[in-house]
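Remarks on the structure that follows.
The values are calculated or read from the model by the stated rules, or taken from the named source; none is laboratory data. Just so we're clear, the structure is a prediction, and the values are computed from it rather than from any experiment. Every residue, glycine among them, receives a Cβ derived from its backbone with ideal geometry; neighbour counts consider all protein chains shown.
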Amino acid sequence: MMIYSAAQLSALTRLFSATVFREMAKRGQSGLFRRLIEQTNLLEHADPRTTVGDTFNSAFKILKVAGHRDEYIYRAAISHKVLMGTHSLRTASMINEFRAGNCKADLVILNGTSTAYEIKSERDSLARLTNQVENYKRVFAKVNVIASEGHIEGVLAAVPDDVGVMCLSKRYRITTMREAIDCPARICPVTVFESLRMVEAAAILRAMGVAVPKVPNTQRHAAMRDLFAALDPVAVHVEMVQTLKRTRDLAPLGDLVERLPESLQAAALSVSVRRADHPRLIDAIATSVRAAMAWS
């Protein structure tokens, strides 16, 4: 089995950064991609037909081996095995880094309910976990922690029984160790309000038959916050899910996702690029990796 240095693993991890993805979409090439590949041994195994997309897949294959896995590997697992495996881009939506209280949920999936996922990879500590799940429970009906095999015992000891615990195995399979309890009644409408864009909060009020206050912009946040404070948590949750599924819809990305290598599909679902740049991104992925070594 190939042994990789810390520097090589860091370069492989950074290949899946938003910077590389956005550069390829905006310019049709990425100087950072070239520099990172030069720090790995991936070119040694490349033949003239090897594309940039093939190279991403090779990097992903190395990173998903237990011990090398970073947060992106976990995001990809949830994207493929939950969002596009159990659900689909037409019936569910996924949001990255969604604010909940004084924390941000790594991933949120919205289908008939809302489920937050907190990732604890091999590289992560469990120090903040208790505070994180308590914040998520104020916004989402279900909370899951997905962790490496080495973290499972610690996670089960740290989080309450209503929080789900999932394991990403050494073989890149997700196993549910404990089911999350679906409990929208516990959410805090004010915390939900603080997590939303103002236009989303206004849409929820209107859907619940509450008039959006006509006050100066400087007073609008406080006035709407007061209105949310008086709302029923379960009813707010229903409208939050419907509103966010509409405003954060991923269905328009379906064609792009299908045309990308599997290793980059999670990036397409989390890194925002203009639709007009999609063809440029696809062309960059199809470029021979040898030709890509001239990218600047």
Those residues of region 223-244 which are more than 13 Å from Val199 (Cα to Cα) and of a type in the set (S, T, N, Q) amount to Gln242
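Filter region 78-107 for residues that are of a type in the set (Gly, Ala, Ser) and surrounded by 22 or more Cβ atoms within 10 Å (Cβ to Cβ); which is farthest from Thr176 (Cα to Cα)? Spell out how you get there, then give the answer.
As a first pass, look at region 78-107 and keep what is of a type in the set (Gly, Ala, Ser): 79, 85, 88, 92-93, 100-101, 105.
Now restrict to residues that are surrounded by 22 or more Cβ atoms within 10 Å (Cβ to Cβ): 79, 93, 100, 105.
Details: Ser79: 16, Ser93: 21, Ala100: 24, Ala105: 19 Å.
Only one residue fits best here, namely Ala100.
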When you go through Gly53, Gly31 one by one, which is the residue that is surrounded by fewer than 19 Cβ atoms within 10 Å (Cβ to Cβ) and under 17 Å from Trp295 (Cα atoms)?
Gly31
Could you tell me how many of the residues in region 234-265 are at pLDDT 95 or above, closer than 20 Å to Lys142 by Cβ and crowded, with 17+ Cβ neighbours inside 10 Å?
9
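Just one of Val210, Val192, Val155, Val143 is touching a Lys or Arg at 6+ places or on another chain (Cβ under 9 Å) and assigned by TED's automatic domain parsing to the domain that holds Val238; which is it?
On inspection, the qualifying residue turns out to be Val192.
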Would you please name the residue that is surrounded by the most Cβ atoms within 10 Å (Cβ to Cβ), looking only at residues in region 266-285 that are farther than 21 Å from Ser79 by Cα and touching a helix residue (DSSP H, G or I) at 6+ places or on another chain (Cβ under 7 Å)?
Ala284
Is it the case that Arg171 is charged (D, E, K, R), over 17 Å from Leu244 (Cβ atoms) and touching a Lys or Arg at 6+ places or on another chain (Cβ under 7 Å)?
no
Within region 125-138, identify whether any single residue is outside the structural domain of Met224 (by TED's automatic domain parsing), touching a residue at least 24 places away in the same chain (Cβ under 8 Å) and in contact with a Ser or Thr (Cβ under 7 Å, 6 or more places away or on another chain), and answer yes or no.
yes
Does region 251-273 include one or more residues that are in a loop (DSSP other than H, G, I, E, B), more than 30 Å from Ala46 (Cβ to Cβ) and touching a residue at least 12 places away in the same chain (Cβ under 8 Å)?
no
Take the conditions modelled with pLDDT of 95 or more and in a loop (DSSP other than H, G, I, E, B) and apply them to Ala276. Does it pass?
no
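Quick one: which helices (runs of 4 or more DSSP H) lie wholly within region 125-214 and hold at least 3 residues that are under 22 Å from the mean Cα position of the chain (by Cα) and crowded, with 16+ Cβ neighbours inside 10 Å?
Values: elements: 129-136, 152-158, 189-195, 198-207.
Qualifying helices (runs of 4 or more DSSP H): 129-136, 189-195.
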